[in-house]
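Visitor: Below is the structure I would like to discuss, written out as structure tokens.
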Amino acid sequence: MRILRFLLIKEFKQIFRNRAILAIILAMPVIQLIILPLAANYEVKNINLAVIDNDHSDYSRDLITKVTSSGYFRLTGYSQSYRKALHSVEEDKADIILEIPKNFEKELLTENQQQLFITINAVNGTKAGLGGGYISSIIQEYNNQIRIKNIVPDKFNPMPVIEITSSNWYNPNLNYQLYMVPGVLAMLVTLVGGFLSALNIVKEKEGGTIEQINVSPIKKYHFILGKLIPFWILGNVVFGLGLIVSWIFYGIVPLGSILLLYGFVVLYLLAILGFGLLVSTFCETQQQAMLIMFFFIMIFVLMGGLFTSIDSMPEWAKTVSRFNPVSYFIDVIRMVIIKGSTFQDIKPHMLIIICFAIVLNFAAVLNYRKTS
Amino acid sequence: MKQFFTFINKEFLHVLRDRKTLLILFGMPVVQILIFGFALTNEVKNSKIVVVDYAKDVASKEIINKIEASRYFEIDHVLSGTNELEKAFETGKIKMAVIFPENFNSNLLHQNKAQIQIIADASDPNQATTLTNYASSIIADYQSEMNQLNLAPYRIQSQIKMLYNPQLKGAPNFVPGVMALILMLICVMMTAISIVKEKEMGTMEILLVSPFKPILVILSKAVPYLILSTINVASILLLSFFVLELPIKGNLILLFSESILFIITCLTLGIFISVKTDSMQTAMLLSLMGMLLPTLLFSGFMFPVENMPIPLQIFSNIVPAKWYYIIVKRIMIEGLGFAAVWKETLILIGTTIFLLFISLKSFKIRMS
């Protein structure tokens, strides 16, 4: 126990001596948590619209007003020709082109049928799909209006109508930040824990100081614990800071129990630190450790359900994400904060994280013995 | 000049000797492009939902079948009552519930009016809105099939053409973005580390007392990584062409030159970080922890830049990956030429010169 205490004092001294690193550990996550959720907004609004109005009739003007007043589209200008409109798409000044043919109004009234041409920049498939959906439904609505205007209505409506009432649970104001902030916080805690622990043992290897520790009467588990505990404490501090920041800047107060949340984080940090240690037992240089950590962290971030939904991924990718501890953390933090889920609800997640923690740390200790 | 090549040679030997690093350096981008190219999509599909069917009649069954058949929804289970709903949502995976009241069909037939209730888990607001819209349009389809609305007069049809990506796949958007992200972080990190390493080991002093200009010392460190990263670009492009079936529509030479320019920009950013820091750890944490999420968010491939608050839109301009993402997207996916990317090219050149200039300046001050 005494040895462990000395080791801890040494580690903490090393951390606190290096101001730059301390600032990175504590300030960087806070700043990122304040700023990044503001940037992570996937509302599909303000779709830039270029219009080619070859008709210049009342009908075409009505249609254009209807589209632009919907709130989804922003009219960026009228083009004289398709070629010019296409050019504005290439310059990213327009996302959608709406072309109204000549004699639109006249032919619609005389021939009962008319076509509109819509061209969408589909590099981003989702934006294109949604934009296309919005504009089609606006045109549909406009079409119904024309019918009502031109057809003498029957006294009663013989057509059956299905009324849809929809409600949004847990986040009725559809506040996107409520969704993003906990996810980003989960990510930042992961970055701090993962990178610091991965670098740390390697640093002793590269600096040659590990040899001295190896010949001293320090036991392996002392050494590992000495490395693990400081970052475990720091990780918990960062998480606490993050909760305070999300309360002050975003007004987010967990609906569920904070204690439960912390209970999970405490275990989660053990898992992610174990992973960092495991990586560092495989590497000889800090450079290698960083590269490997970067490789995994990028997969953790992009496949963890932070930005894109795991449900939408192909089956094999879902399997990959089952081995991603971050995906459980993101799930749990969102469940407890937004929905107020209880211990019973997150118990399966917790059990899996405990398994991760045990397996990863055990592997790290085993592997460390072999290499030293 | 001969000395310069000798130095580059030395640095190359350093890099090539470390087999493990080399393996990671080449293997990593390949694996990542493959995983992300196939897995990432902003599309919402296969969402698990529950159904509460109090009616259990022809109409409700038919609508449930229609919902089940669409690729957006997957019916997880059918609940017998709404009292179990909350539990279903709180344990996680359920995104939406569809509720049919009793006598759904008979109301529809006799009173010409029936109700369906949709409850969405709005903890993810975008997904909730999207799913509600999808479900509504499936129900509306069913209704118009019943009514055969298509025979109505004054019909406006809209013909929609999807440019560049008619199948609305994720890859055309994500591959250029992931390319920008990977190149940026690898290049910045590698140069930052390799220079700081000499400082930390004390060997930098030795290099600087040699009759050799400091700028050449630094540049010779960047050259091997320039070459390695260029090979990485080539392997990424080959992969996206042959495996992800993403044809390169524009000029290949132009795309390559722009990539080399972007690599140089990132290498100078790495030099800048290494000049400003004293230890490898600081340099690494800065370039990874400090840059990973900002680069991801501000390059614009995940979240549209025009949705961000104005100060962040302005901030996004200093993220080099944003400009490179635009360049790759325009050349590779949209097939445009230099005329469409000259502005972005100039910005990258400007950034490079600026970073090189201030790095050199602060470098001299430090060492004097």
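The values are calculated or read from the model by the stated rules, or taken from the named source; none is laboratory data. Not measured: the values here are computed from a predicted model. Cβ: placed from backbone, ideal geometry, glycine included. Neighbour counts: every protein chain shown. Just so you know, the surface numbers come from the protein's heavy atoms only, side chains and all, with ligands and any DNA or RNA stripped out. Shrake-Rupley method; radii C 1.70, N 1.55, O 1.52, S 1.80 Å.
Visitor: Answer with yes or no whether A:Ile24 is under 34 Å from the mean Cα position of the chain (by Cα), at pLDDT below 85 and of a type in the set (A, V, I, L, M, F, W, C).
Guide: So A:Ile24 fits the description; yes.
Visitor: Based on this model, can you work out whether B:Lys66 counts as touching a helix residue (DSSP H, G or I) at 6+ places or on another chain (Cβ under 8 Å), closer than 29 Å to A:Val332 by Cβ and open to solvent by 40 Å² or more (accessible area, probe 1.4 Å)?
Guide: So B:Lys66 fails the test.
Visitor: Another one. Looking at the range A:101-114, which of its residues are at the interface with chain B (Cβ under 7 Å from one of its Cβ atoms), open to solvent by less than 60 Å² (accessible area, probe 1.4 Å) and not in a helix (DSSP H, G or I)?
Guide: A:Gln114
Visitor: Among the residues of the range B:229-260, which ones are charged (D, E, K, R) and not in a helix (DSSP H, G or I)?
Guide: B:Glu245, B:Lys249
Visitor: Read through the list (1) open to solvent by less than 20 Å² (accessible area, probe 1.4 Å); (2) modelled with pLDDT of 90 or more; (3) closer than 24 Å to B:Lys20 by Cβ; (4) not charged (D, E, K, R), then give the number of the only condition that A:Leu360 fails.
Guide: (1)
Visitor: Could you list all residues from the range A:308-325 that are in contact (Cβ under 8 Å) with a residue 12 or more places away in the chain and open to solvent by 30 Å² or more (accessible area, probe 1.4 Å)?
Guide: A:Ile310, A:Val320
Visitor: Do you know which residues across the range A:117-144 are closer than 19 Å to A:Tyr59 by Cβ and either among the β-branched types (Val, Ile, Thr) or in contact (Cβ under 8 Å) with a residue 24 or more places away in the chain (or both)?
Guide: A:Ile118, A:Ile135, A:Ile138, A:Ile139, A:Glu141, A:Tyr142
Visitor: Here's a check for you: in the range B:18-41, which residue that is open to solvent by 30 Å² or more (accessible area, probe 1.4 Å) and touching a residue at least 24 places away in the same chain (Cβ under 8 Å) is farthest from B:Leu109 (Cα to Cα)?
Guide: Of everything passing the filter in the range B:18-41, B:Phe26 is farthest from B:Leu109 (Cα to Cα).
Visitor: Against the condition under 30 Å from A:Glu204 (Cα atoms), open to solvent by less than 10 Å² (accessible area, probe 1.4 Å), part of a helix (DSSP H, G or I) and small (Gly, Ala, Ser), how does B:Ala180 come out, does it pass?
Guide: Judged against the criteria, B:Ala180 is not a match.
Visitor: Scan the range A:263-275 and tell me whether some residue there is open to solvent by 20 Å² or more (accessible area, probe 1.4 Å), out of contact with any helix residue (DSSP H, G or I) (no Cβ under 6 Å at 6 or more places or on another chain) and of a type outside the set (Lys, Arg).
Guide: Within the range A:263-275, one or more residues are open to solvent by 20 Å² or more (accessible area, probe 1.4 Å), out of contact with any helix residue (DSSP H, G or I) (no Cβ under 6 Å at 6 or more places or on another chain) and of a type outside the set (Lys, Arg).
Visitor: Restricting the search to the range B:134-148, which residues are open to solvent by 50 Å² or more (accessible area, probe 1.4 Å) and at the interface with another protein chain (Cβ under 7 Å from one of its Cβ atoms)?
Guide: B:Met146
Visitor: Quick one: what pairs do we get from the range B:42-56, first residue farther than 21 Å from B:Asn173 by Cα, second among the small types (Gly, Ala, Ser), C-beta under 6 Å, 6+ apart or different chains?
Guide: Taking only residues 6 or more apart or on different chains, the pairs are B:Val50/B:Ala88; B:Val50/B:Ala97; B:Asp53/B:Ser60.
Visitor: Can you name the residue in the range B:305-324 that is more than 7 Å from chain A (Cβ to nearest Cβ) and open to solvent by less than 40 Å² (accessible area, probe 1.4 Å) and, of all such residues, is nearest to B:Asn42 (Cα to Cα)?
Guide: Top of the filtered list is B:Val305.
Visitor: Of the residues A:Leu366, A:Leu360, which single one is part of a helix (DSSP H, G or I) and free of Cβ contacts under 8 Å to residues at least 12 places away in the same chain?
Guide: A:Leu366
Visitor: Only one residue in B:Ile349, B:Ile353, B:Ile327 is at pLDDT 90 or above, more than 11 Å from every other protein chain (Cβ to nearest Cβ) and open to solvent by less than 30 Å² (accessible area, probe 1.4 Å). Which one?
Guide: Every option except B:Ile327 fails the conditions.
Visitor: Looking only at the range B:76-84, decide whether some residue is within 7 Å of chain A (Cβ to nearest Cβ), surrounded by fewer than 19 Cβ atoms within 10 Å (Cβ to Cβ) and at pLDDT 85 or above.
Guide: So far as the range B:76-84 goes, no, none of its residues is within 7 Å of chain A (Cβ to nearest Cβ), surrounded by fewer than 19 Cβ atoms within 10 Å (Cβ to Cβ) and at pLDDT 85 or above.
Visitor: Additional query: Quick check on A:Leu255: is it assigned to a helix (DSSP H, G or I) and either in contact (Cβ under 8 Å) with a residue 12 or more places away in the chain or at the interface with chain B (Cβ under 10 Å from one of its Cβ atoms) (or both)?
Guide: no
Visitor: Within the range B:183-204, take every residue that is assigned to a helix (DSSP H, G or I), open to solvent by 10 Å² or more (accessible area, probe 1.4 Å) and not β-branched (Val, Ile, Thr) and give me the one that is nearest to B:Ser287 (Cα to Cα).
Guide: In this case the residue turns out to be B:Ser194.
Visitor: So which helices (runs of 4 or more DSSP H) are wholly in the range A:122-230 and hold at least 2 residues that are exposed (fewer than 15 other Cβ atoms within 10 Å of the Cβ)?
Guide: A:125-150, A:209-215
Visitor: Name the residues in the range A:231-252 that are in contact (Cβ under 8 Å) with a residue 60 or more places away in the chain and part of a helix (DSSP H, G or I), would you?
Guide: A:Leu234, A:Val237, A:Val238, A:Leu241, A:Gly242, A:Val245, A:Ser246, A:Phe249, A:Tyr250
Visitor: Within the range B:84-169, which strands (runs of 3 or more DSSP E) (wholly inside it) include 1 or more residues that are free of Cβ contacts under 8 Å to residues at least 40 places away in the same chain?
Guide: B:113-121, B:155-163
Conditions (1) under 13 Å from the mean Cα position of the chain (by Cα); (2) open to solvent by 40 Å² or more (accessible area, probe 1.4 Å); (3) at the interface with another protein chain (Cβ under 10 Å from one of its Cβ atoms); (4) within 16 Å of A:Ala271 (Cα to Cα), marked per residue:
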| position | (1), (2), (3), (4) |
| --- | --- |
| A:Ile297 | no, no, yes, yes |
| A:Phe329 | yes, no, no, yes |
| A:Ile346 | no, no, yes, no |
| A:Ile352 | no, yes, no, yes |
| A:Phe356 | no, no, no, yes |
